[in-house]
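First the structure, in the form of structure tokens, and then the observations on it.
Since every read-out is calculated from the coordinates, none of them should be taken as a lab result. A quick note: this is a predicted structure, and the numbers were derived from the prediction, not measured. Every residue, glycine among them, receives a Cβ derived from its backbone with ideal geometry; neighbour counts consider all protein chains shown.
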Amino acid sequence: MVNTYGLHNKNWVKIMYEKRHKWAEAFISGHFFARRRNTQICEGMNKYIKGYLKSGVKLFELIPALDRALLRLRNKVVEEDFRSNNSTHVLTTQLKNLEHHATTIFTDSVFEHVHKEIDRVGSLIISRSMPFGSIRLFFTSRYNSNNLQNEYTTFYHPKDNHHMECSCALFECEGIPCSHMFNIMKHEHMTEIPSSLVLKRWTKSAKSDMQTSIPMNNVPNEAIEFARYTLHINIVL
Ligand SMILES: [Zn+2]
């Protein structure tokens, strides 16, 4: 583009090129962004906050309004946690063992995405596989497709906690196993998702297993109890 349009002397282009590792898809692929790679989420938050701010709001009215908005968000999180921990899902895929295991470990909102990946396995085949030292290399393609561009390669480490690395990089970007990994789990007759492919932050136990290292000597008992029962933080005294 620089050559075609003669942009060698444009400062803005030079600066953007220097920062390419922070914005260009080719460079950021494979980096973890906790599912926050587009502006849709912050725009959604802007809209939500505006709902609590009437036009011409005074400065002294602003903080209480923001507090109300935050309180509502926190209540929503507590409701979602309750639903995650106290509801069961109807299993709809053919990989029932893996799907059931996913329902027991992932929160509801993460399970929705994991479920889509499990569902996609139905349209995938392992076109070939080969040993690669102590690991195995699998090639996954779409059923009834001759297009090699749609082929993904996955390294499977049976002796390293069944860890996998896939060329689609979904696990590295979003922290959930991709359909190609689930296809290999099916091939290997696994009934549970390997722990090496479960990101702690997406699990139901992420909060309850959290420990604090804050010295507790001067913290009032009421605050400790609040953290234990409201924030589900496991405090070690
Ligand atoms: Zn993949």
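Before moving on, here are some points about what is shown:
- Taking a point 7 Å from the Cα of ALA34 along the Cα-to-Cβ direction, the residues of region 100-126 with backbone N closer than 20 Å to it are 106-114.
- Helix runs (DSSP H) in the chain reaching 27 Å along axis by Cα, Kyte-Doolittle at least -0.5: 59-86
- Highest-MSF residue in the chain out of TYR156, TYR17, TYR52 [GNM, Cα springs under 10 Å]: TYR17
- The relative contact order of the chain, computed from alpha carbon pairs under 8 Å that lie at least 6 residues apart in sequence, is 16 percent.
- Ascending count of other beta-carbon atoms within 10 Å, so fewest first, for MET164, MET16, MET1: MET1, MET16, MET164
- Residue of SER179, SER129, SER141 that the Gaussian network model of the chain assigns the largest fluctuation, springs spanning Cα pairs under 10 Å: SER129
- With an a/c value of 1.5 or above and a/b not larger than b/c for the gyration tensor axes a ≥ b ≥ c computed over the alpha-carbon atoms, the chain is described as oblate.
- Links that overshoot a 31 Å alpha carbon limit, given the list LYS116/LYS159; LYS58/LYS204; LYS159/LYS200: LYS58/LYS204
- Counting only residues at least eight positions apart within a chain, or on another chain, the aspartates and glutamates with an alpha carbon under 13 Å from that of LYS10 are GLU18.
- Highest-fluctuation residue, TYR152, TYR48, TYR143 considered, GNM on the chain with Cα pairs under 10 Å: TYR48
- Anchor LYS207: lysines whose Cα lies under 21 Å away (excluding residues fewer than 8 positions away in-chain): LYS76
- Distance between the C-alpha centres of region 113-141 and region 153-169: 10 Å, rounded to the whole angstrom.
- Were the residues from ASN75 through ARG201 laid out at 0.36 nm apart, the gain over their Cα-Cα distance would be 43.4 nm.
- Charged side chains reduced to their Cβ positions (Lys and Arg at +1, Asp and Glu at -1) give the chain a dipole of some 780 debye around its Cα centre.
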